[in-house]
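**Q** To start, I am sharing the structure in question, which I have written as structure tokens.
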Amino acid sequence: MNNYEYIIACLPVISSTEGAGVSIDASALLDDIRSQCSGQDVKVIDFLCRGFDGSTLDEGFYQEALKHKNRFIREYFAYDLDIRNTKVEFLNTSLGRAAGLDIVLPERLEEQVFDGREEVDAVLCQDDILTRERGLDDLMWKKIDEITSLDILDLDLILGFIAKLQITDRWLKLDEATGREMFRKIVTGIRQTYDNKKNNI
């Protein structure tokens, strides 16, 4: 049922010369990916997508994510949680609020050192809101690449594509030009992985 190679090969191509009128339907693309995956993989995909719904991001969700059997889910949401808590700590300090307010899973902060804190703090110090949001998304994008760097045509690579697609979809609403460039970037990247695999067969 799972034909990851076929899924990747069938991804749409958006060239840099195409106009703004070309539609990019992230929801339809995600539905198409789901239709080509097993029921078990669809459950993993749906869990990942839950993490892009702000109303679900509570302690229960992160506890489940950090213990999930899928490696991409565990590593992605561990980093996502670290960024979230760093943002909250930054805001607490900026607003003169008590330390520790609104921190999710505070015991995690005591157990592990977040190596990316300086990078996140540097982004949060930017004055422009969109610049900050783009900077944080760039860090998430980089983390996705790190998690999937050794994956070739497997579910984790598909999950990485979906995570980037969710980021891209948000930017299509905030800044269409940025969103379209992100979309070209993820499709180009995953196709290169596909081509490299084919050439090594």
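The values are calculated or read from the model by the stated rules, or taken from the named source; none is laboratory data. If you're wondering where the values come from, they're calculated on a predicted model, not measured in any experiment. Glycine gets a Cβ as well: all are built from the backbone with ideal geometry, and neighbour counts include every protein chain shown. Accessible surface areas use protein heavy atoms only, side chains included; no ligands, DNA or RNA. Shrake-Rupley method; radii C 1.70, N 1.55, O 1.52, S 1.80 Å.
**Q** Would you mind finding the one in Leu136, Leu157 that is within 18 Å of Leu30 (Cβ to Cβ), of a type in the set (A, V, I, L, M, F, W, C) and modelled with pLDDT of 75 or more?
**A** Sole residue among the options that is within 18 Å of Leu30 (Cβ to Cβ), of a type in the set (A, V, I, L, M, F, W, C) and modelled with pLDDT of 75 or more: Leu157.
**Q** Here is a further query. Looking only at region 9-46, count how many residues are modelled with pLDDT under 75, surrounded by 10 or more Cβ atoms within 10 Å (Cβ to Cβ) and either within 20 Å of the chain's Cα centre (by Cα) or in a loop (DSSP other than H, G, I, E, B) (or both).
**A** Result for region 9-46: 7.
**Q** Residue pairs, Cβ under 9 Å, 6 or more apart or interchain, first in region 17-33 and within 21 Å of Tyr4 (Cα to Cα) and polar (S, T, N, Q), second at pLDDT 80 or above and open to solvent by less than 30 Å² (accessible area, probe 1.4 Å). List them.
**A** So the pair list comes out empty.
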